[in-house]
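Visitor: Provided herewith is a single structure, encoded as structure tokens, for subsequent inquiry.
Coordinate-derived values only; no laboratory data. Keep in mind the model is a prediction, meaning the values are calculated, not measured. Ideal geometry is used to build each Cβ from the backbone, glycine not excepted, and the neighbour counts take in all protein chains shown.
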Amino acid sequence: MAHQLLRRRAVCDILGLSWPTLYRHQKEGLFIHPVRLGIRSVAWPDAEVQAIASARISGQSDDQIKGLVQRLHAARYPDGVQPVDTRPSLAPAKPGRPRKGATA
């Protein structure tokens, strides 16, 4: 079975959500965490996205979907250890100074 990874735009199109809502659902436990492809690149497994879309279509409650998300994560990480997020910090380079390109 071939595994396909979907980028953010494809996931948002499938679910009919904006990307801020997608990430809010993720924080609330209503959507799966992405798979990190690189420092600034993530994607979501198609089968997991489709499972959540099917749950929404069938009218499952938020609590049922949270349970589904937990089961999907458990299946993805059977040893219970998720990869460490190694993204660079978004903190300013120097305390008290805005990041380059930030407007005041």
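Visitor: Take the residues in segment 16-46 that are closer than 15 Å to H73 by Cα and surrounded by fewer than 14 Cβ atoms within 10 Å (Cβ to Cβ); name whichever of them is farthest from the chain's Cα centre (by Cα).
Guide: E28
Visitor: Select from segment 62-78 the residues that are within 16 Å of the chain's Cα centre (by Cα) and part of a loop (DSSP other than H, G, I, E, B) and list them in ascending order.
Guide: Hit for segment 62-78 is Y77, nothing else.
Visitor: Only residues that are part of a loop (DSSP other than H, G, I, E, B) and in contact with a His (Cβ under 8 Å, 6 or more places away or on another chain): list them for segment 15-52, please.
Guide: L17, F31, I32, H33
Visitor: Inside segment 1-14, can you point out the residues that are under 24 Å from A74 (Cβ atoms) and part of a helix (DSSP H, G or I)?
Guide: R8, V11, I14
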